[in-house]
Amino acid sequence: MNQPRRVENLQTDKGKVPVYATGVIEQPWGDYSATDHDVWRRLYQRQREVLVGRACDEFLQAQDTMGMTPDRIPKFSDMNRVLGDATGWRLIGVEGLLPELDFFDHLANRRFPVTWWIRRPDQIDYIEEPDLFHDLFGHVPLLMNPLFADYMAAYGRGGVKAHGIGADALQALTRLYWYTVEFGLIKQGNGRQADGLRIYGSGIVSSKSESIHALESDAPNRIGFDLERIMRTRYRIDTFQKTYFVIDSFQQLMEATAPDFTPIYARLAEQGSVPAGEVLASDTVLHRGSGEGWATDGDV
Ligand code: HBI
Ligand code: FE
């Protein structure tokens, strides 16, 4: 299946990223090749094996409820029937990364942009940009959870607002997205880990190696969720995270992010950013990372 054309580059907190056409497109489901469906199947089976007892229960249950299976790439229209009934969210097809304001506007209106194309077989273990597997397998299941669904829509509204405030506000909000939606951990118990931690971040659940690393490696810090602390913290885009933040529940996430962020952005302006691997005296430390294998630079 043809890969889409990059139309421009956007300078963001993540560095220079390719930005695709902003239009909403119909998922060209009939055009997926046998290879495309096979890539989905291989990734799906491999991740489900890794994620039972590692991903939070809500995530795995939602995949089943939505009718995601390894058999074939799901149709957005099928997913939308279930999702719409559960939380009012709807999937829309896109070419890839969107400019931030477009992305926020979709979220604020409960539309989740899903990249229509899937990675090639030689990209099974790693792909730099979000593809269909990351977006659909990783992000969509938790949109079935009412609390998380509300959090994502509130995030979109906050994003539109931060965009109007300026680059620093936007950077703080992007860090929040990174350390929750993309790389968040949750306390849930009854899983494979004695410490009771599970994964909910989509950047982790769509990666076999990071799913194991995030929960089981000694290298990264695992620190209790703290909104302002997260908003100050730099992160890694090219390697495993040096720090993961742990929420107690989706309720906590929703409540902590409910207040107006405007005074927070003002406070943050007085403080410096925190390097990705640093532990502060004020942190609730669940695990202090050994730092093994960390690069000495490259935080963004
Ligand atoms: N566009 N399609 C898509 N998916 C994303 O996750 C995404 C995006 N544009 C911008 C963006 N993420 C980031 O800037 C987030 O921090 C908001
Ligand atoms: Fe993502």
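The values are calculated or read from the model by the stated rules, or taken from the named source; none is laboratory data. This is a predicted model, so every value here is computed, not measured. Using ideal geometry, Cβ is built from the backbone for each residue, glycine included, and neighbour counts are taken over all protein chains shown. Areas reflect the complete protein model, heavy atoms only, side chains present, ligands, DNA and RNA absent. Shrake-Rupley method; radii C 1.70, N 1.55, O 1.52, S 1.80 Å.
Report the residue count in segment 87-98 for those that are open to solvent by less than 30 Å² (accessible area, probe 1.4 Å) and either of a type outside the set (Gly, Ala, Ser) or more than 14 Å from ligand 2 (Cβ to nearest atom) (or both).
Selection size over segment 87-98: 7.
Considering segment 191-208, the residues that are away from ligand 2 (no atom under 12 Å from the Cβ) and either farther than 26 Å from Ala62 by Cα or free of Cβ contacts under 8 Å to residues at least 60 places away in the same chain (or both) include one that is nearest to the chain's Cα centre (by Cα), namely Gly196. Among the conditions (1) outside any loop (DSSP other than H, G, I, E, B); (2) farther than 19 Å from Val205 by Cβ; (3) more than 16 Å from ligand 1 (Cβ to nearest atom), the only one that Gln47 does not satisfy is (2).
A search for C-beta distances below 7 Å between a residue of segment 226-241 that is more than 20 Å from Glu216 (Cα to Cα) and any residue that is open to solvent by less than 10 Å² (accessible area, probe 1.4 Å) and not in a helix (DSSP H, G or I), counting only pairs 6+ apart in sequence or on different chains, returns Ile230/Phe245; Arg232/Val274; Thr233/Thr243; Thr233/Val274; Thr233/Ala276; Arg234/Val274; Arg234/Ala276.
Residues in segment 165-190 that are of a type in the set (Val, Ile, Thr) and either more than 13 Å from ligand 2 (Cβ to nearest atom) or touching a Cys at 6+ places or on another chain (Cβ under 6 Å) (or both): Ile165, Ile186. Is there a residue in segment 217-231 that is open to solvent by 20 Å² or more (accessible area, probe 1.4 Å) and modelled with pLDDT under 95? Taking every residue of segment 217-231 in turn, none turns out to be open to solvent by 20 Å² or more (accessible area, probe 1.4 Å) and modelled with pLDDT under 95.
This table checks each residue for (1) aromatic (Phe, Trp, Tyr); (2) within 19 Å of Lys161 (Cβ to Cβ).
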| site | (1), (2) |
| --- | --- |
| Arg229 | no, no |
| Arg236 | no, no |
| Phe240 | yes, no |
| Ser249 | no, no |
| Leu253 | no, yes |
| Ala256 | no, yes |
| Ala269 | no, yes |
| Gly272 | no, no |
| Leu286 | no, no |
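Tyr244 meets all of the listed conditions (1) in a helix (DSSP H, G or I); (2) hydroxyl-bearing (Ser, Thr, Tyr); (3) touching a strand residue (DSSP E or B) at 6+ places or on another chain (Cβ under 6 Å) but one, namely (1).
On the stretch given as segment 198-216, residues that are more than 16 Å from ligand 1 (Cβ to nearest atom) and open to solvent by 10 Å² or more (accessible area, probe 1.4 Å) total 6.
Of all the numbered requirements in (1) under 20 Å from Leu173 (Cα atoms); (2) within 12 Å of ligand 1 (Cβ to nearest atom), Leu147 misses one, and that requirement is (2).
Inspect all residues belonging to segment 268-287 and state whether any of them is part of a helix (DSSP H, G or I) and over 25 Å from Ala149 (Cα atoms). Looking through segment 268-287, at least one residue is part of a helix (DSSP H, G or I) and over 25 Å from Ala149 (Cα atoms). If you go through segment 99-136 and keep only what is in contact with a His (Cβ under 9 Å, 6 or more places away or on another chain), under 19 Å from Gly158 (Cα atoms) and open to solvent by less than 20 Å² (accessible area, probe 1.4 Å), you end up with Phe104, Phe112, Pro113. Figure legend. Inter-residue proximity from segment 108-130: first residues under 13 Å from Leu98 (Cα atoms), second residues open to solvent by less than 40 Å² (accessible area, probe 1.4 Å) and of a type in the set (Asp, Glu), beta-carbon distance below 6 Å, spacing 6+ or different chains. Indicated pairs: Val114/Asp135; Thr115/Asp131; Thr115/Asp135. Please enumerate the residues belonging to segment 101-130 that are within 13 Å of ligand 2 (Cβ to nearest atom) and modelled with pLDDT under 95. Result: Ile127, Glu128, Glu129, Pro130.
Restricting Arg81, Arg72, Arg54 to those that are crowded, with 19+ Cβ neighbours inside 10 Å and basic (Lys, Arg) reduces the list to Arg54.
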